[in-house]
Each structure stands twice: as C-alpha cells, then as structure tokens.
C-alpha cells in the first residue's frame, strides 16, 4: 500500500506542496546534520563542562529568538499572500527591536548566577545581545522565503549556517565563548545570504494595518509557540541546575538528536501549513498521505535508533552514550508528536488560534511539571518519561474533545 502510494505521488513532485516540502526537508536535514557535526566537534575539542554551559546558552538564545518574533513568523506564512512585502518589513523591524529588549533583560537576570557569572563579561554581554537580534532577523527572513514559496533560499541559508562548526577549531581557546561565537557567526552568514536575495522585497517600515491583522492571529500563536518551545529550551538549564554541567551536556545531545530525527515529518507539516494557507483542495486526502509518509519514516528511524543509537551518541565521545535510553524514548514518542502537530496545523489553517494556545500551554505545564518530578528519580531519562507522558495526555485530551464535539453535531 505504501509503495503504491509513493509511486503515484512521484508524479506530483513538481507541485508547490512537494517542491516546497523538498526544500524545507533539505533545509531541516542540513540543520540536523550540521548540528550533529557542530556538537560533535564541540564535544571533542571542548570540555563537557563547557559544552554543558554553552548548550544551555544556545538553547536560551533559541528561546529569545522565539520570544522576540512575537508570533510574526507564523503570521508571515498565513498573511503573506494578502499583504506581501508589507508583512516582511514590519515583522523584521518589530522582531529585531524586541530581541534587544528581551536579551538585555535576560542578561540582567542571569549574569551574576553561579553557572554564568564567569561568562558574561562586558564584551560577551554586548555580543550576546547583538546575536539575539541577528538570530531573530535570520529566522524572520528565512520564514519569509518559505512563505514566498522560495524555500530553496531557506535551504542555502541553513547550509551557510551549518559552516559554523568549522569556526569551533579556531575559537577553542575561548571556551564557552568560542562555542557561542561560532554559533553566532553561522547565523550571520545565513542572514547575509537571505538578506541579499530578498532585499528587493524588504522595506524597513512598520505597517499598522498588517500588524493589526497579524497580531490578532499571531497573539494566540505567539503564546502557543512560546509554550511549545520554551520547555525544550529551558530544559538544559533545568538539568544543569538539578544535576551537573556534564549531565546537561549528555542530556542536550541525546534530546537534540531525538528531536532532529523528526525533520521529515516536521517539513511535511510546515509545507502542509503553507499550502493550506494558500487554499489547498482535498485537505483530508493530502493529510492522510502526509501522516502515512511520516509514520513510514518514523518506523524506519525508530528501528535504526534502537539498534544503532549508541553509535550515533558515541560520535560525541564514549561518555555521551549515557543518553541512549533518552534518545530511544524521544524517538519512539515521535509517533505521538506527529499526530498532535498535524492537528495543530489544521487548527492554524482554520484560524482556531485559541485552541492551539490551549494545547501548547497544557503541554508546557505537563512537560515541565513531569520532568521536574522525574529528573531527581531517573536522571536525564526522567525528561524522556515526562516528554512521552505529556504527549500521551495531550493526544487523549484531543481525542476526547473531538469525540464530544462530533457527538453533539
């Protein structure tokens, strides 16, 4: 059945859905591979303590990017067909400006803490704040390329970002700052490319009409996105605080690898959102095919990880194999994650933002709460148990709510 479906769909590879999906997949795959290489190199030439602190800071930077975008990245995909270039410029100005505020506030909070007091010198603080704005702008313009159905430039952007691992060798004497500096320069390379490509489509101004429409849509998605990503980005810092710098490094590598293996389902899901926003016919049929492809991929990946996962982690160093059980659990939970993510995408296409926010807030509370309870008992594997339990509960809630809704229709 799956083989026949694949053969029939190969004829449609030139359609916007599959073409955009291909480049989004390549972009995500590039990110996955280069992230693997980046942290592999970092784990070999930097100490586990440096990797633990740096992974926490990189996660925080990714959280700052998400917070600073104010949900306008999602709104770009949904409203670009209506507002065009006005959407890109407004999102870029507002998000990059907010990044300065958010990163500055974070530095004031943590610069004197035990784990970061030696890191946040004046020079590092200024670089950290500038990097926050660069990363936010890079994400906005990369999303704009996808919304314009030019995902090939998102792919090139990610390739350039991927070159950051080379810089690790030159900055090794800087310790934690070397890892963060390499990460930041990679973002800058990608930003320069997509900025040059889209320069004729960027007007650095704020369009109030677009922002009014976008914020009505994006406010709920903003809350949802932060609720969705914040626990993932905060978890390395939580593990760092509850366990140790070394355990934070082992956790980060295993958890990151498990989530990066979802690149194919996530890229299909994003392309499904883009096409749905442009008005996709036969959504149910396309959704069914998308889930079948995603599950076939996950089945193959799960088998591979179960038998060869330790070799993946061993690339980072023999001590990182301690995260094998966590990697296996996160990979298997992908079967739950895919269903929940596709359901959320349908809600976004239908502009049922309040329900999206509710789902993600519930997920954030459960994941943080369960992990906080289970990490002291099971170590980093406790995060995996919390992750799986969270998605099981959320999926059960979705099924119950929709069953009740159908009953009263």
Of all helices (runs of 4 or more DSSP H) fully inside the stretch 9-94, the set with 3 or more residues that are modelled with pLDDT under 80 is 16-45, 72-83
Filtering the stretch 303-320 for residues that are buried (at least 18 other Cβ atoms within 10 Å of the Cβ) and either touching a strand residue (DSSP E or B) at 6+ places or on another chain (Cβ under 7 Å) or assigned to a helix (DSSP H, G or I) (or both) leaves a count of 5
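Just wondering, is there one or more residues in the stretch 198-207 that are over 13 Å from residue 38 (Cα atoms) and free of Cβ contacts under 8 Å to residues at least 40 places away in the same chain? It would help to see each step written out before you state the result.
Residues of the stretch 198-207 over 13 Å from residue 38 (Cα atoms): 198-207.
Applying the additional criterion that residues be free of Cβ contacts under 8 Å to residues at least 40 places away in the same chain yields 199-200.
The answer is yes, given that some residue of the stretch 198-207 is over 13 Å from residue 38 (Cα atoms) and free of Cβ contacts under 8 Å to residues at least 40 places away in the same chain.
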Among the residues of the stretch 325-368, the number that are more than 16 Å from residue 261 (Cβ to Cβ) and part of a helix (DSSP H, G or I) is 26
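Kindly provide the set of residues from the stretch 369-382 that are more than 20 Å from the chain's Cα centre (by Cα) and part of a helix (DSSP H, G or I), ordered by number.
So in the stretch 369-382, the residues more than 20 Å from the chain's Cα centre (by Cα) come out as 369-370, 372-382.
If the condition is that a residue be more than 20 Å from the chain's Cα centre (by Cα) and part of a helix (DSSP H, G or I), then 369, 370, 372, 373, 374, 375, 376, 377, 378, 381, 382 are the ones that fit.
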Of (1) assigned to a helix (DSSP H, G or I); (2) in contact with a helix residue (DSSP H, G or I) (Cβ under 9 Å, 6 or more places away or on another chain), residue 120 satisfies every one except (1)
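The values are calculated or read from the model by the stated rules, or taken from the named source; none is laboratory data. Note that the structure is a prediction, hence the values are computed from the model and not measured. For neighbour counting, all protein chains shown are included, and Cβ atoms are generated from backbone atoms with ideal geometry for every residue, glycine included.
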